[in-house]
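Heads up, the thing below is written out as structure tokens.
The values are calculated or read from the model by the stated rules, or taken from the named source; none is laboratory data. Here the structure is a predicted model, which means the values were calculated and not measured. Please note: Cβ atoms are built from the backbone with ideal geometry, for glycine as well, and neighbour counts cover all protein chains shown.
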Amino acid sequence: MKKIIILFLFLFVNFLNAQKTDAANKINLSIVLPDEDEMLSYNALAKLNSKTIQLLTYNEIVSGVNNSFVIYPSLVIMDRNIVESGLYNVNTIKLEFNYYIKNMESNTTFSSYTKEIIGTGKSEREAINNAINKLDIKDEKLSRFISSGKEKIIDYYKNSCNQIIAKAENLSMQGNYEEALSLLISVPSEVSCFSKAKQKALAIYKQYSSKKCQEQLLEARGYLAQNEKQIAANILSTINTESTCRNEALQILKQLEANLNAQEKKEWDFMLKQHNDDVAKEKAAIRAIRDICVAYYKKNPVTYNYIIR
């Protein structure tokens, strides 16, 4: 007897992993999980999510902010039995456990994995939890599944990189900076045009930062009014040196410097050193771009309502 457990899916993005320093340089897969129902408990979903993150990490894939490519599990009950024994009955569930890597834009499956697992427990939910626990993330078949999906994703970016950069440029011209940056930051370092995409992202970030600098100045002045000098300084230091607010930000920074104590002056000098260092500025810009992308996907979650067969 078969029963499809997975029906309607929602996008689950692990934002903490997405904010790691090297996340933007690796292939990103968004994790899609089923809704909680009478068969899948919250604990089972948490375990399923944890197992999937472990699987991706083991295979050097980031569970991050890329909405184009997803990995999702599908659980199908193949058989169920109840065995009477002693104090309580034992539920046995035979699951067909499936994983898929899919390009959501083209609705194309890049890779798939299937394995039958038997779980036991006092209830069907507990038996399903037990089956999920038995999934071995170091299974060679799972590694081949990830490797196959990774190769096809890299091929996709190799073949589509120029179109991605052109689309991002058009989006930035329309003022859709966050979407443009999110598109560019998804290009992994394994692709030859990674540097080209990064430079385009930095150029668009400059445009974005010029637009945002007035808001940053207003925010910094708000913290200054509360005598939160360090927070204000940190905000001002993130203003792009090529933005239209640069001179005004520097003027405020100089005024701040004159009112710092010894410890604050030490922290201040370190911050200024980073602010004036080209390498440090680029790293700060990349971190800022990543934060922008995380915020963009939080504001624009993608929900997939379809039946997985």
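Residues LEU250, LEU181: which one is assigned to a helix (DSSP H, G or I) and either in contact with a strand residue (DSSP E or B) (Cβ under 7 Å, 6 or more places away or on another chain) or without any contact (Cβ under 8 Å) to a residue 40 or more places away in the chain (or both)?
Numbers: LEU181 fails: either in contact with a strand residue (DSSP E or B) (Cβ under 7 Å, 6 or more places away or on another chain) or without any contact (Cβ under 8 Å) to a residue 40 or more places away in the chain (or both).
The unique qualifying residue is LEU250.
Of all residues in region 111-131, which are among the basic types (Lys, Arg), more than 17 Å from GLU96 (Cβ to Cβ) and surrounded by 15 or more Cβ atoms within 10 Å (Cβ to Cβ)? Walk me through it before giving the result.
Initially, region 111-131 is screened for residues among the basic types (Lys, Arg), giving 115, 122, 125.
After this cut, where a residue has to be more than 17 Å from GLU96 (Cβ to Cβ) as well, the list is 122, 125.
Correct list: ARG125 only.
All but one of (1) surrounded by 13 or more Cβ atoms within 10 Å (Cβ to Cβ); (2) closer than 30 Å to ASP79 by Cα hold for LYS141, so report the exception by its number.
Checking LYS141 against (1) surrounded by 13 or more Cβ atoms within 10 Å (Cβ to Cβ); (2) closer than 30 Å to ASP79 by Cα, the one that fails is (1).
(1) in a helix (DSSP H, G or I); (2) touching a strand residue (DSSP E or B) at 6+ places or on another chain (Cβ under 9 Å): which one isn't true of VAL70, the others all being true?
Of (1) in a helix (DSSP H, G or I); (2) touching a strand residue (DSSP E or B) at 6+ places or on another chain (Cβ under 9 Å), only one is false for VAL70: (1).
Any residue at all in region 198-221 that's farther than 23 Å from ASN300 by Cα and surrounded by 22 or more Cβ atoms within 10 Å (Cβ to Cβ)?
yes
Being in contact with a Phe, Trp or Tyr (Cβ under 8 Å, 6 or more places away or on another chain), in a strand (DSSP E or B) and in the same structural domain as MET78 (by TED's automatic domain parsing): is that true of LYS94 here? Break it down stepwise before answering.
Working: in contact with a Phe, Trp or Tyr (Cβ under 8 Å, 6 or more places away or on another chain): no; in a strand (DSSP E or B): yes; in the same structural domain as MET78 (by TED's automatic domain parsing): yes.
So LYS94 does not fit the description; no.
Consider SER189 against the criteria (1) out of contact with any Leu (no Cβ under 8 Å at 6 or more places or on another chain); (2) touching a residue at least 60 places away in the same chain (Cβ under 8 Å); (3) assigned to a helix (DSSP H, G or I); (4) surrounded by fewer than 21 Cβ atoms within 10 Å (Cβ to Cβ): it satisfies all of them except one. Which criterion is unmet?
Answer for SER189: the failing condition is (3).
Go through region 105-138 and count every residue that is of a type in the set (Gly, Ala, Ser) and either within 13 Å of LEU75 (Cβ to Cβ) or part of a helix (DSSP H, G or I) (or both). Let's see the steps before the verdict.
Filtering region 105-138 for residues of a type in the set (Gly, Ala, Ser) gives 106, 111-112, 119, 121, 123, 127, 131.
Then keep just the ones that are either within 13 Å of LEU75 (Cβ to Cβ) or part of a helix (DSSP H, G or I) (or both); that gives 119, 127, 131.
Of the residues in region 105-138, 3 are of a type in the set (Gly, Ala, Ser) and either within 13 Å of LEU75 (Cβ to Cβ) or part of a helix (DSSP H, G or I) (or both).
Considering each of SER111, SER160 in turn, give the residue that is of a type in the set (Gly, Ala, Ser) and not assigned by TED's automatic domain parsing to the domain that holds GLU36.
Numbers: SER111 fails: not assigned by TED's automatic domain parsing to the domain that holds GLU36.
Being of a type in the set (Gly, Ala, Ser) and not assigned by TED's automatic domain parsing to the domain that holds GLU36 holds for just one of SER111, SER160, which is SER160.
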